[in-house]
Amino acid sequence: MAQPLRIDRAGSWYHLTVRGNVQQDIWRNDEDRLKFLGLLVSWVEHHRLRLHAYVLMSNPYGPC
């Protein structure tokens, strides 16, 4: 089932997550992590967002 539409308001805070399929790891290696961080930086700059915090976990619902 699809997620309901999120209300978009100026100044709102959003919590975003990424999860691997069937609790698989998201990142294969450090190169994957660094590529994602580069994409994250460019996305934040392009959309002029304020990124308050981030965590790169192997899989948020798996063992750490």
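The numbers here are math on the coordinates, done by the rules we state, and not lab data. Predicted model only: the values in this text are computed from it and were never measured. Cβ atoms come from the backbone with ideal geometry, glycine included; neighbour counts cover every protein chain shown.
What chymotrypsin sites (Phe, Trp or Tyr not before Pro) in the chain are in a loop by DSSP, with at most 14 other Cβ atoms within 10 Å of the Cβ?
TRP13, TYR14, TYR54, TYR61
In percent, what relative contact order does the chain have, based on Cα pairs under 8 Å that are 6 or more apart in sequence?
41
Classify the chain as rounded, prolate or oblate, taking a ≥ b ≥ c as the square roots of the eigenvalues of its Cα gyration tensor: rounded when a/c is under 1.5, otherwise prolate if a/b is larger than b/c and oblate if not.
Because a/c hits 1.5 or more and a/b fails to exceed b/c, the chain counts as oblate.
Against the longest alpha carbon principal axis of the chain, how many degrees, from 0 to 90 and to the nearest 10, is the axis of helix 30-46 turned?
Computed tilt is about 0 degrees.
What trypsin sites (Lys or Arg not before Pro) does the range 1-35 have in DSSP loop regions with at most 11 other beta carbons within 10 Å?
Sites meeting the loop and neighbour criteria: ARG6, ARG9, ARG28.
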